[in-house]
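This report concerns only the one structure given below.
The values are calculated or read from the model by the stated rules, or taken from the named source; none is laboratory data. Note that the structure is predicted; figures quoted are calculated from it, not measured. Surface accessibility is based on the protein's heavy atoms, side chains included, excluding ligands, DNA and RNA. Shrake-Rupley method; radii C 1.70, N 1.55, O 1.52, S 1.80 Å.
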Amino acid sequence: RTQLYRYLHGNVLILSYETAISDQEVLKTLVQKNKTLVCFDESHYLKNIKSVRTKACLDISEGAVKTSIFSGSPIPNRPEDIFPQLKVLGFPVGSTVQEFKCLYPDAESIRN
């Protein structure tokens, strides 16, 4: 895969979460170099801010021109679960869950 990444010049890249973890550094560079749209399906997999998966996806998405998330699951009930998803999308949610809770103390403020 590393050899293949050298020759990719697309603006959309589809891959699994496991690939995002194992190839994080090269994907981060690829996304920045090619002005890429990054899309994450089943975004509920990103609800744990401390997981390796979420950290890798945050790192990769920081260099993207735009990031989108998709999910067939209802919105989470706890702020801790939606925080990483909003962070991946680039919203100004703070750097910690505690900051997020101060900025958005209730469901209405998150919705707005």
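Ordered from largest to smallest accessible area (heavy atoms of protein chains, 1.4 Å probe), the residues Phe83, Phe70 come out as Phe70, Phe83.
In order along region 4-12, the phi-based Karplus estimate (6.51 cos²θ - 1.76 cosθ + 1.60, θ = phi - 60°) of 3J(HN,Hα) comes to 5, 4, 4, 9, 7, 9, x, 9, 9 Hz; Gly and Pro are listed as x.
Just Leu37, Leu13, Leu58 to compare: in a GNM of the chain, with alpha carbon springs under 10 Å, which one fluctuates most? Checking each option, the largest mean-square fluctuation is seen for Leu13. Hull volume per residue, based on the alpha-carbon atoms of the chain and their convex hull, is 96 Å³. Placing Ser22, Ser73, Ser61 in order of accessible area, with the largest value first and a 1.4 Å probe, yields Ser22, Ser73, Ser61. Cross-link partners of Lys35 among lysines, defined as those whose alpha carbon lies under 26 angstrom from its own and excluding same-chain residues fewer than eight positions apart: Lys47, Lys55, Lys66, Lys87.
The 3J(HN,Hα) values that the Karplus relation (6.51, -1.76, 1.60; θ = phi - 60°) gives for region 37-54 are, in residue order, 8, 10, 10, 10, 8, 6, 5, 5, 5, 9, 7, 9, 4, 8, 6, 4, 4, 5 Hz. Gly and Pro appear as x. Calculated accessible area for region 1-88 comes out at 61 Å² per residue, all protein chains present (probe 1.4 Å; ligands, DNA, RNA ignored).
Amide H to amide H distances under 5 Å link Phe40 with Ser68, Ile69, Phe70, where only residues 5 or more positions off or on other chains count and H is placed in the peptide plane.
With the whole protein complex present, Asp106 retains an accessible surface near 80 Å², based on a 1.4 Å probe. Taking 0.36 nm per residue of sequence separation and removing the Cα-Cα distance, the Glu25/Asn48 pair yields an extension gain of 6.2 nm. Compared with the dominant principal axis of the Cα atoms in the chain, helix 24-33 is inclined by about 80°. Against the criterion of solvent-accessible heavy-atom surface with a 1.4 angstrom probe, Ile110, Ile14 sort, most first, into Ile14, Ile110.
Taking 0.36 nm per residue of separation and subtracting the Cα-Cα distance, full extension of the segment from Gln3 to Arg111 would add 34.6 nm. Of the solvent-accessible surface of the chain, computed with a 1.4 Å probe over protein heavy atoms with every protein chain present, carbon and sulfur atoms account for 55 percent.
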